[in-house]
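Take a look at the structure set out below.
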Amino acid sequence: MKIREIAPGEAPPMALLLLADPSKKAVASYLDTSECFIAETDDGIVGTYVAGGISDESAEIFNIAVAEEAQGQGIGRTMLLDAIERYEAKGYLWLHIGTGNSSIGQLALYQKCGFRIDGVIRDFFTANYEGKIIENGIWCRDMIRLVKAL
Ligand code: ACO
Ligand code: ACO
């Protein structure tokens with residue numbers, strides 16, 4: 001598997017990006033100002049992540065997704081480790097990521113990759129997303145913020 005930045009003019013994998021973030025408006029806004037990477041095998045694109053600087057010292061992963069049929073095989077972890085290496089090499093000191101309070105598997109994965117919880121944006125999803133999001137039987141209301149020192 002190879003991870004590379006999308007080429008100029010190459011379309012970002014929207015269907016995958018919408019798996020991680022159902023808001024087309026939010027996806028469009030961070031795609032505009034960040035870098036989009038894809039993970040591909042001989043079979044095609046299996047994963048993507050979007051990340052970029054948010055200050056001189058900090059970068060953020062805004063979106064990370066693996067094709068449903070390829071989940072649970074270590075691709076998400078490999079992409080997270082790629083982002084950690086890449087943004088450390090760019091000179092950032094901190095890498096941030098946020099996810100829903102209901103995203104138990106994602107919270108597990110991010111912490112296994114060295115991210116630590118450093119805050120909560122209460123009602124982020126109820127204020128910014130249409131409809132009630134239920135995941136793992138839990139109402140997704142708050143954004144859990146995590147950070148890793150690079
Ligand atoms: N308890 C403990 N560990 C768990 C749990 C759980 N309930 N659920 C998952 N995990 C662990 C697995 O055990 C595994 O860890 P391990 O390697 O130590 O065994 C890890 O989480 C999963 O690792 P991967 O196989 O690398 O993950 P995957 O390739 O499936 O990618 C991802 C993870 C990106 C979250 C994928 O499942 C996906 O695309 N989901 C849908 C979209 C999504 O939710 N994206 C993230 C939204 S937040 C954001 O974009 C910033
Ligand atoms: N993802 C989604 N839901 C989950 C997950 C998961 N990974 N793990 C558990 N759940 C859900 C179950 O699905 C179930 O929900 P449901 O009823 O909607 O299906 C619920 O959590 C578990 O419910 P119970 O069966 O009522 O829980 P149990 O009787 O096992 O009691 C307890 C829970 C007290 C945590 C018990 O497992 C225990 O004693 N654990 C060891 C001690 C401990 O950790 N105590 C809490 C420490 S914090 C404190 O004490 C304040």
> Which of the residues spanning the stretch 49-64 are of a type in the set (A, V, I, L, M), touching a Gly at 6+ places or on another chain (Cβ under 9 Å) and either open to solvent by 10 Å² or more (accessible area, probe 1.4 Å) or not in a strand (DSSP E or B) (or both)?
Replying inline: ILE64
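Does GLY76 fit the bill of being more than 22 Å from GLU130 (Cα to Cα) and either open to solvent by 50 Å² or more (accessible area, probe 1.4 Å) or in a strand (DSSP E or B) (or both)? If you could, list the steps in order and put the result at the bottom.
Values: more than 22 Å from GLU130 (Cα to Cα): yes; either open to solvent by 50 Å² or more (accessible area, probe 1.4 Å) or in a strand (DSSP E or B) (or both): no.
Answer is no for this residue.
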> Residues of the stretch 36-79 being among the charged types (D, E, K, R) and either within 22 Å of LEU109 (Cα to Cα) or free of Cβ contacts under 8 Å to residues at least 24 places away in the same chain (or both), which ones?
Replying inline: GLU40, ASP42, ASP43, ASP56, GLU60, GLU68, GLU69, ARG77
> Restricting attention to the stretch 106-141, which residues are closer than 18 Å to LEU19 by Cα, away from ligand 1 (no atom under 12 Å from the Cβ) and either in contact with a Leu (Cβ under 8 Å, 6 or more places away or on another chain) or open to solvent by less than 40 Å² (accessible area, probe 1.4 Å) (or both)?
Replying inline: TYR129
> Would the stretch 18-30 turn up any residue that is outside any loop (DSSP other than H, G, I, E, B), within 21 Å of ALA149 (Cβ to Cβ) and in contact with a Phe, Trp or Tyr (Cβ under 6 Å, 6 or more places away or on another chain)?
Replying inline: no
> Scanning for something touching a Phe, Trp or Tyr at 6+ places or on another chain (Cβ under 9 Å), among the basic types (Lys, Arg) and either away from ligand 2 (no atom under 16 Å from the Cβ) or assigned to a loop (DSSP other than H, G, I, E, B) (or both), does the stretch 120-130 turn up at least one residue?
Replying inline: no
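Would a scan of the stretch 90-98 turn up a residue that is of a type in the set (Phe, Trp, Tyr), outside any helix (DSSP H, G or I) and surrounded by fewer than 19 Cβ atoms within 10 Å (Cβ to Cβ)?
The answer is yes, given that some residue of the stretch 90-98 is of a type in the set (Phe, Trp, Tyr), outside any helix (DSSP H, G or I) and surrounded by fewer than 19 Cβ atoms within 10 Å (Cβ to Cβ).
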> Of all residues in the stretch 131-150, which are in contact (Cβ under 8 Å) with a residue 60 or more places away in the chain and either of a type outside the set (Val, Ile, Thr) or within 13 Å of ligand 2 (Cβ to nearest atom) (or both)?
Replying inline: LYS148, LEU150
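The values are calculated or read from the model by the stated rules, or taken from the named source; none is laboratory data. The structure presented is a predicted model; accordingly, all values stated were derived computationally and were not measured. Please note: Cβ atoms are built from the backbone with ideal geometry, for glycine as well, and neighbour counts cover all protein chains shown. Just so you know, the surface numbers come from the protein's heavy atoms only, side chains and all, with ligands and any DNA or RNA stripped out. Shrake-Rupley method; radii C 1.70, N 1.55, O 1.52, S 1.80 Å.
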